[in-house]
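Please read the structure below before turning to the comments.
The values are calculated or read from the model by the stated rules, or taken from the named source; none is laboratory data. As the structure is a prediction and not an experimental result, all values here were calculated from the model. Cβ placement follows ideal geometry from the backbone for every residue including glycine, while neighbour counts extend to all protein chains displayed.
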Amino acid sequence: MQGEYRLPAFERHVFVCHNSRPADAPRPSCTCDGKSDLFTQLQLLAKAAGLSGRVRINKSGCLDQCEHGPMVVVYPEAVWYGNVRQGDAAEIVAEHLVAGRPVERLRVGEECLNTKSCPHQG
């Protein structure tokens, strides 16, 4: 169709949870104030690695894996990373986004995703 706008096809989408809850909430938050140095670091490092136009780093709302936060999920592989810190961003970019190897030490196990029986959940 003439004049149709098409979004670029990204190789990967990276979602970084920005959910923030009050301090007395029954579940933890991925951010304390809705901001994320992790998000910013992932963006900067992805750009520096030449991934602009190939990988999209996105803010997300709650990913419902709060006990493992801060959370990052990479699609299309559906790799879920938990307890991710700003210092982990370089490893995620270099190993997963550039080299295609998920960072195993940060992965949340299948047995803990979307389940009430995870030993980490209160």
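Within the stretch 35-92, the set of residues being charged (D, E, K, R), touching a Phe, Trp or Tyr at 6+ places or on another chain (Cβ under 9 Å) and within 20 Å of Arg105 (Cα to Cα) comprises Asp88 only.
The set of residues from the stretch 56-107 being touching a His at 6+ places or on another chain (Cβ under 7 Å) and in contact (Cβ under 8 Å) with a residue 60 or more places away in the chain comprises Val74, Tyr75. For the stretch 21-35, filtered to residues that are charged (D, E, K, R) and surrounded by 12 or more Cβ atoms within 10 Å (Cβ to Cβ), the residue that is modelled with the lowest pLDDT is Lys35.
Within the stretch 36-59, the only residue that satisfies the criterion of being crowded, with 19+ Cβ neighbours inside 10 Å, under 14 Å from Val98 (Cβ atoms) and of a type in the set (Gly, Ala, Ser) is Ala46. Filtering the stretch 89-122 to residues that are in contact with a helix residue (DSSP H, G or I) (Cβ under 8 Å, 6 or more places away or on another chain), surrounded by 13 or more Cβ atoms within 10 Å (Cβ to Cβ) and part of a loop (DSSP other than H, G, I, E, B) leaves Pro102, Val103, Val108, Cys118, His120, Gln121. For the stretch 60-88, the set of residues classified as exposed (fewer than 15 other Cβ atoms within 10 Å of the Cβ) and outside any loop (DSSP other than H, G, I, E, B) consists of Tyr75, Gln86, Gly87, listed by residue number.
Note on the stretch 79-104: among residues that are out of contact with any strand residue (DSSP E or B) (no Cβ under 9 Å at 6 or more places or on another chain) and at pLDDT below 95, the one that is nearest to Asp37 (Cα to Cα) is Gln86. Scanning the stretch 17-50 for residues that are among the basic types (Lys, Arg) and not in a loop (DSSP other than H, G, I, E, B) gives a single hit, Lys47. Scanning the stretch 61-99 for residues that are among the hydrophobic types (A, V, I, L, M, F, W, C), out of contact with any Leu (no Cβ under 9 Å at 6 or more places or on another chain) and under 19 Å from Pro26 (Cα atoms) yields Cys62, Leu63, Cys66. Output the number of the condition that Pro8 fails; it satisfies all remaining conditions of (1) outside any helix (DSSP H, G or I); (2) at pLDDT 80 or above; (3) more than 15 Å from Asn83 (Cα to Cα). Exception for Pro8: condition (2). The condition (being in contact (Cβ under 8 Å) with a residue 12 or more places away in the chain, among the polar types (S, T, N, Q) and more than 19 Å from Ile92 (Cβ to Cβ)) is satisfied by just one residue among Ser36, Ser20: Ser20.
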